[in-house]
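Only the coordinates and a few stated rules stand behind these numbers; no lab work does. For clarity, every value in this text was computed on a predicted model and none was experimentally measured. A quick note on method: Cβ atoms are made from the backbone with ideal geometry, for glycine too, and the neighbour counts reach across all protein chains shown.
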Amino acid sequence: MANWYFLYGEKRIGPLDDGQARAQAAADPRGLAWREGLADWVPIRSLPELATAATASPPPVPRMRKADEIDYRIFGQGMQFVEVELDPGESAIAEAGAMMYKDPAVVMETVFGDASREAGLMDKLLSAGKRLLTGESLFITLFTNRGVGKARVAFAAPFPGTILPVSLPDVGGQLVCQKDSFLAAARGVSVGIYFQRKILTGLFGGEGFIMQKLEGDGLVFVHAGGTVVERQLAPGETLHVDTGCVVAFQAGVDFDIERVGGVKSMLFGGEGVFFAKLAGPGKVWLQSLPFSRLAGRMLQAALPGGKREEASILGPVGGVLDGDNSF
């Protein structure tokens with residue numbers, strides 16, 4: 001008997017047995033489903049086990065692709081940049097200040113709010129407000145090829161790390177990521193916000209209550225510090241991660257926090273008070289060098305004496321107790 005999971009936007013249902021899964025598919029076949037043996041979330045209607053139940057509902061309306069189909073190449077190792085190739089009329093969006101170079105045929109336009117679609121003033125105001133909540137600029141930059149042949153534009157990473165290309169249809173059309181990780185995308189991708197509904201996770205999860213949510217059917221480029229690791233979590237499988245090392249995850253992944261351990265571990269373990277706890281099913285992406293950690297090392301090196309005091313939250317007193325400093 002299989003354990004089924006269903007995903008409708010941000011809402012996840014499961015585990016369900018075979019009978020319950022068929023009933024759920026008949027009630028609402030418009031979402032995604034997953035069971036052990038499947039590599040990723042797939043449309044409910046495409047699964048033979050659920051197809052009979054799903055046919056009781058009206059057939060799906062063909063969905064027109066909204067995002068531009070762009071080609072790209074990623075260059076470099078430690079300090080990467082991505083070069084996007086645009087056909088005539090195609091566009092890419094990027095955060096303000098991300099551009100490295102462009103061909104003359106690529107016209108740059110600053111757009112208020114979300115550049116994923118044509119919208120009225122109210123929609124633009126709401127989109128800009130969402131971006132402001134994530135700490136980003138009110139504006140996003142749109143790059144469009146106005147020439148007659150192919151043209152290129154490149155976007156550079158803001159600090160050492162890895163640029164991660166993600167095709168949104170491959171992850172269920174939605175990706176949740178840390179606030180400052182979005183670099184660029186094909187036009188048609190919506191850059192919104194994702195609220196942490198759990199109070200403790202919002203307070204101690206490393207990213208606060210608000211993260212970025214990328215939606216659509218196009219290609220997005222996410223930047224992470226250091227090396228990126230991709231993990232596929234099975235249903236019920238959990239992973240403990242440093243809160244700053246979580247780059248992105250599928251909407252079906254449950255993001256929570258868990259206390260590190262006893263008082264001694266919390267005070268002197270150097271890993272903070274909480275772990276991020278990620279529970280499947282779904283993909284997660286982790287970074288080896290969060291920018292906050294890099295900035296912390298640089299700040300510590302700039303302090304008088306230039307000594308690191310990472311092992312204790314007690315500062316200089318803790319350094320004396322563990323033998324790093326002396327009065």
Practice task
Quick one: which residues, 5+ away or cross-chain, put their amide H under 5 Å from the amide H of LEU142? H built at 1.01 Å from N.
Solution key: GLU109, THR110, VAL111
Practice task
In nm, give the distance between the simple-model label positions of ARG297 and MET100, each being 7 Å from the Cα along the Cα-to-Cβ direction.
Solution key: 2.2
Exercise for the section: State which entries of LYS11/LYS179; LYS213/LYS277; LYS11/LYS213; LYS150/LYS283; LYS102/LYS213; LYS102/LYS179 exceed 23 angstrom in Cα-Cα distance in the structure shown. Expected result: LYS150/LYS283; LYS102/LYS213; LYS102/LYS179
Handout entry: Using θ = phi - 60° and Karplus 6.51 cos²θ - 1.76 cosθ + 1.60, couplings along region 159-172 (whole Hz; Gly, Pro as x)
Key = 7, x, x, 10, 9, 10, x, 10, 8, 4, x, 6, 10, x
Problem - Gain upon complete extension [ILE74, ALA234; 0.36 nm per residue less C-alpha separation] - result: 54.6 nm
Completion exercise
So, with points 7 Å from each Cα along the Cβ direction, the ASP256-THR110 label distance in nm works out to 4.5
